[in-house]
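*Asks:* Sharing a structure with you now.
The values are calculated or read from the model by the stated rules, or taken from the named source; none is laboratory data. All of these numbers come straight from a predicted model, not from anything done at the bench. Note that each Cβ is placed from the backbone with ideal geometry, even for glycine, and that neighbours are counted across all protein chains shown.
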Amino acid sequence: MPQLSVVIITYNEEHNIGRCLTSAQGVADDIVVVDSMSTDKTKEICEGYGVNFITREWEGYSATKNFANEQAKHDWILSLDADEALSDELKVSILAAKEGEARFYRVSRLTNYCGKWIKHGGWYPDYKLRLFDRRRTKWEGLVHENLVVEGHPKTKNLKGDLLHYSFYTMDDHLQQADKFARLKAKQMFEKGKSHNLLKTIIAPTWKFFHQYFVKLGFLDGYYGFVIAKVSARAVRQRYDYLKELQANS
């Protein structure tokens with residue numbers, strides 16, 4: 001594999017970005033951070049690592065990530081979120097991959113929720129395509145952006161976990177769930193989908209049942225229950241926000 005650029009987008013990530021950048025040391029040949037006007041110490045921390053720090057107004061997840069990829073020195077990209085960090089095992093796997101055949105790689109993301117590693121409920125292994133050739137890819141989607149790949153390249157799962165420090169408190173989770181519910185409702189509205197009372201009742205119930213029982217979320221104890229409950233609540237909010245959009249259109 002040729003040299004590798006690590007690409008990260010940020011906004012007020014002073015509590016996370018240092019850990020992320022530290023984990024990328026020794027793996028990255030180039031690090032690009034595109035920041036959306038942070039008001040905390042994100043910029044100062046990044047500059048301490050000597051990264052290519054670029055300030056740019058927020059244009060949405062996909063557009064910002066596509067812009068960030070274009071700023072990298074190298075075509076092979078390792079895309080990270082600011083609240084993620086490479087485990088030691090994953091770093092070894094990436095270094096080994098750099099010595100082998102250039103291909104597309106997926107990584108398994110392990111999420112830390114209020115101090116607990118979540119290994120059930122459909123949250124693990126949470127495989128993501130993160131190591132790729134930017135010449136054959138493009139980020140798309142308003143929420144939960146997806147990496148669209150040209151053709152059918154060889155893919156491989158790397159050993160080791162991408163450590164995801166997602167939520168320090170349950171309130172963090174509730175705020176993000178509400179934000180994504182609004183974005184998803186907007187996306188549904190733009191696609192012409194309409195509010196459905198039956199789905200509003202059934203979909204949240206199924207979400208909780210599937211996550212907590214089918215995907216064994218109960219094995220994560222109290223936080224497994226909390227996660228399933230918040231997820232179900234977010235589904236209900238999505239339909240409530242869609243109803244509001246239709247009423248105001």
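*Asks:* Determine, yes or no, whether residue 39 is among the β-branched types (Val, Ile, Thr), out of contact with any helix residue (DSSP H, G or I) (no Cβ under 6 Å at 6 or more places or on another chain) and surrounded by fewer than 18 Cβ atoms within 10 Å (Cβ to Cβ).
*Replies:* yes
*Asks:* Could you tell me whether the stretch 161-181 includes any residue that is of a type in the set (A, V, I, L, M), more than 19 Å from residue 122 (Cα to Cα) and at pLDDT 95 or above?
*Replies:* Scanning the stretch 161-181, I find no residue that is of a type in the set (A, V, I, L, M), more than 19 Å from residue 122 (Cα to Cα) and at pLDDT 95 or above, so the answer is no.
*Asks:* Do we find a residue being under 16 Å from residue 144 (Cβ atoms) and part of a loop (DSSP other than H, G, I, E, B) anywhere in the stretch 185-206?
*Replies:* The answer is yes; a qualifying residue exists.
*Asks:* Related question: So residue 66 passes all but one of these: (1) farther than 21 Å from residue 137 by Cα; (2) out of contact with any helix residue (DSSP H, G or I) (no Cβ under 8 Å at 6 or more places or on another chain); (3) buried (at least 17 other Cβ atoms within 10 Å of the Cβ). Which condition number does it fail?
*Replies:* Failing condition for residue 66: (1).
*Asks:* Can I ask one more? Please determine whether any residue of the stretch 208-225 is outside any helix (DSSP H, G or I) and under 24 Å from the mean Cα position of the chain (by Cα).
*Replies:* yes
*Asks:* Would you check which residues across the stretch 55-70 are over 16 Å from the mean Cα position of the chain (by Cα), part of a helix (DSSP H, G or I) and not charged (D, E, K, R) and list them?
*Replies:* 67, the sole residue that qualifies.
*Asks:* Also, quick follow-up: Looking at residue 154, is it out of contact with any Pro (no Cβ under 9 Å at 6 or more places or on another chain), surrounded by fewer than 18 Cβ atoms within 10 Å (Cβ to Cβ) and modelled with pLDDT under 95?
*Replies:* Answer is yes for this residue.
*Asks:* For the stretch 179-236, what are the residues that are buried (at least 18 other Cβ atoms within 10 Å of the Cβ) and polar (S, T, N, Q)?
*Replies:* Result: 211, 231.
*Asks:* State whether one or more residues within the stretch 164-177 are charged (D, E, K, R) and touching a residue at least 12 places away in the same chain (Cβ under 8 Å).
*Replies:* So far as the stretch 164-177 goes, no, none of its residues is charged (D, E, K, R) and touching a residue at least 12 places away in the same chain (Cβ under 8 Å).
*Asks:* For residues that are assigned to a loop (DSSP other than H, G, I, E, B), at pLDDT 95 or above and hydrophobic (A, V, I, L, M, F, W, C), tally how many sit in the stretch 84-131.
*Replies:* Adding up the residues that qualify gives 2.
*Asks:* So which residues in the stretch 238-249 are surrounded by fewer than 19 Cβ atoms within 10 Å (Cβ to Cβ) and either of a type in the set (Val, Ile, Thr) or assigned to a helix (DSSP H, G or I) (or both), if there are any at all?
*Replies:* 240, 243, 244, 245, 246, 247
*Asks:* Just wondering, is there one or more residues in the stretch 70-86 that are within 23 Å of residue 142 (Cβ to Cβ), outside the structural domain of residue 183 (by TED's automatic domain parsing) and either aromatic (Phe, Trp, Tyr) or surrounded by fewer than 17 Cβ atoms within 10 Å (Cβ to Cβ) (or both)?
*Replies:* The answer is yes; a qualifying residue exists.
*Asks:* Among the residues that make up the stretch 153-163, is at least one of them under 18 Å from the mean Cα position of the chain (by Cα), farther than 21 Å from residue 23 by Cβ and among the polar types (S, T, N, Q)?
*Replies:* No, the conditions are met nowhere in the stretch 153-163.
*Asks:* For the stretch 147-163, which positions are touching a strand residue (DSSP E or B) at 6+ places or on another chain (Cβ under 8 Å) and in contact (Cβ under 8 Å) with a residue 40 or more places away in the chain?
*Replies:* 147, 149, 153, 154, 155, 156, 157, 158, 160, 161, 162, 163
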